[in-house]
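Data block below; observations after.
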Amino acid sequence: MMAFVACKSTPTASVDSSYMMAQGHAQGTTWHITYKSFNGEDLTPKFDSILKAFDFSISTYNKESLITKINNNEDIAPDAIITEVFMQSQRIYEMTDGLFDPTCRPLVNAWGFGKHTDLRKPSQEELDSILKFVGMDKVHIENNRIKKDDPRLTLNFNANAQGYSVDLICDYLKAQGYTDYLVEIGGETRAIGVNPYGDKWRIAIDSPIDGSTEANREYNTVVHVSGKSLCTSGDYRNFFKSGEKKYSHELNPKTGYPKDDSLLSVSILTEKAIDGDALATAVMVMGLERGFHFLDSLPNVEGYFIYGTSVGGFEVMKTKGF
């Protein structure tokens, strides 16, 4: 998770009073948007409208959403939002050798992470039966319909939809002529222009402390960002332990098992938040060494890795351009 840090670069820096902040709830989480206003207009109603339409399209928690109907095998066309996220998901699925996979929600539910209740280790037989209908290679778009090889397959875009909603808000602000803003939805952020002090936006990356919350978070570092998105994925807030074994909610969709690696969180700088959101999820599954080399090989993508040590502390690795 990340937070906007409103601090001055120098003690004498003056604040631009034309900046406004809007906030609300969407996608089962909170959102905060700071923007330099032309005339003091409160854009909260417009942001709410965009995010409510987004939820109606792609939220699996909304029983009337388009994605819910598609998952229920109703004969209905995907809209532009679902189509865009679907196509991006297929691209990241192929880039990551299947480690980013929006069809793996039944595996998440089998471990109890879907509803955060009944956390348990499923049997191998149960996982094998689910794996038969998991995989983005088993679903495609044809004649303006999403076609599944197996009707039991379902799509859940939680790992990149939030990033895309950040991009949609940024697209709206850009189209309206706004040049300075920070958009944060559920911890995924994108920063354009400068903050109220005339500097790059400052976004804090949390230390990956097991069980920490927004109320007792500690910051690991602060990143100065402009013209980029910064997205983080970690396994320190959603896990369970059985004896000495820790089971992360970050599942390998090819095996059905949680990742088993020292990597605790990764924060990714990209142009678009949808890409950073998806890549962060995939890299967590890859683990520290493979994930680092993967990100380091990508153009215009940088990563900040926090991993656990044998003595219980944290260490950091960064790609060369971070």
inquiry  = Rounded, prolate or oblate, given the Cα gyration tensor of the range 1-227, with a/c below 1.5 counting as rounded?
reply    = prolate
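Around CYS231, under 12 Å between beta carbons, what's the net of Lys plus Arg minus Asp minus Glu among the other residues? Each step should come with its number before you reach the end.
Working: positive: ARG190, LYS228, LYS272; negative: ASP167, GLU184, GLU188, GLU271, ASP275, ASP277, GLU302.
With Lys, Arg at +1 and Asp, Glu at -1, the neighbours total -4.
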query = Say the dipole of the range 122-248 comes from +1 at the beta carbon of Lys and Arg and -1 at that of Asp and Glu; which of CYS231, TYR247, PRO122 then lies farthest toward its positive end?
reply = CYS231
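May I ask you to derive the relative contact order of the chain, considering only C-alpha pairs under 8 Å and at least 6 residues apart, and to give it as an integer percent? Working shown, then result.
On the way: 608 pairs, mean separation 55.6, N = 322.
That works out to 17 percent.
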remark   = Among GluC sites (Glu not before Pro) in the range 232-304, those in a DSSP loop whose Cβ has at most 12 other Cβ atoms within 10 Å are GLU244
Highest-fluctuation residue, ALA53, ALA159, ALA282 considered, GNM on the chain with Cα pairs under 10 Å = ALA53
request  = Please give every one of the lysines within straight-line cross-link reach of LYS241, meaning a C-alpha to C-alpha distance under 21 Å, and leave out same-chain neighbours fewer than 8 residues apart.
outcome  = LYS115, LYS121, LYS259
ask   = Tell me, Kirkwood radius of the range 224-304 from alpha-carbon pair distances, in Å?
value = 13.2 Å
request  = Determine ³J(HN,Hα), in whole Hz, for all residues of the range 174-183 in sequence, where each value follows from phi through the Karplus function 6.51 cos²θ - 1.76 cosθ + 1.60 and θ = phi - 60°; x replaces Gly and Pro.
outcome  = 4, 5, 7, x, 6, 10, 9, 6, 10, 10
request  = Work out from phi, with θ = phi - 60° and the Karplus expression 6.51 cos²θ - 1.76 cosθ + 1.60, the ³J(HN,Hα) of each residue of the range 88-99, listed in order in whole Hz, and give x for Gly and Pro.
outcome  = 5, 4, 5, 5, 5, 4, 5, 4, 9, 6, x, 7
query = Taking the Cβ of LEU182 as the center, what net charge do the other residues with Cβ under 14 Å away carry, scoring Lys and Arg +1 and Asp and Glu -1?
reply = 0
note = Once the in-chain neighbours fewer than 8 apart are removed, the lysines whose Cα is under 25 Å from LYS46 read LYS36, LYS63, LYS174, LYS228, LYS272
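Can you compute the charge dipole magnitude of the chain about its Cα centre, using +1 on each Lys and Arg Cβ and -1 on each Asp and Glu Cβ, nothing else charged? Give it in debye, rounded to the nearest 20. Don't jump to the answer; show the numbers that get you there.
Working: 33 positive and 43 negative charges, 42 e Å.
That gives a dipole near 200 debye.
MET87 to HIS224: FRET efficiency via 1/(1 + (r/R0)^6), r the Cβ-Cβ distance, R0 35 Å, to the nearest 0.05? Present the calculation step by step, with values, prior to reporting the outcome.
Details: r = 32 Å, r/R0 = 0.92.
The formula returns an efficiency of 0.60 here.
Given +1 on the Cβ of Lys and Arg, -1 on the Cβ of Asp and Glu, and no further charges, what dipole in debye does the range 83-242 carry about its Cα centre, rounded to the nearest 20? Mind dumping the intermediate values first?
Numbers: 19 positive and 23 negative charges, 38 e Å.
With only Lys, Arg, Asp and Glu charged at Cβ, the dipole is about 180 debye.
Read the figures in this text as sums done on the coordinates, not as results from a lab. In this text the structure is predicted, and so the values were computed from the model without any measurement. Here the Cβ is made from the backbone with ideal geometry for all residues, glycine too, and neighbour counts use every protein chain on show.
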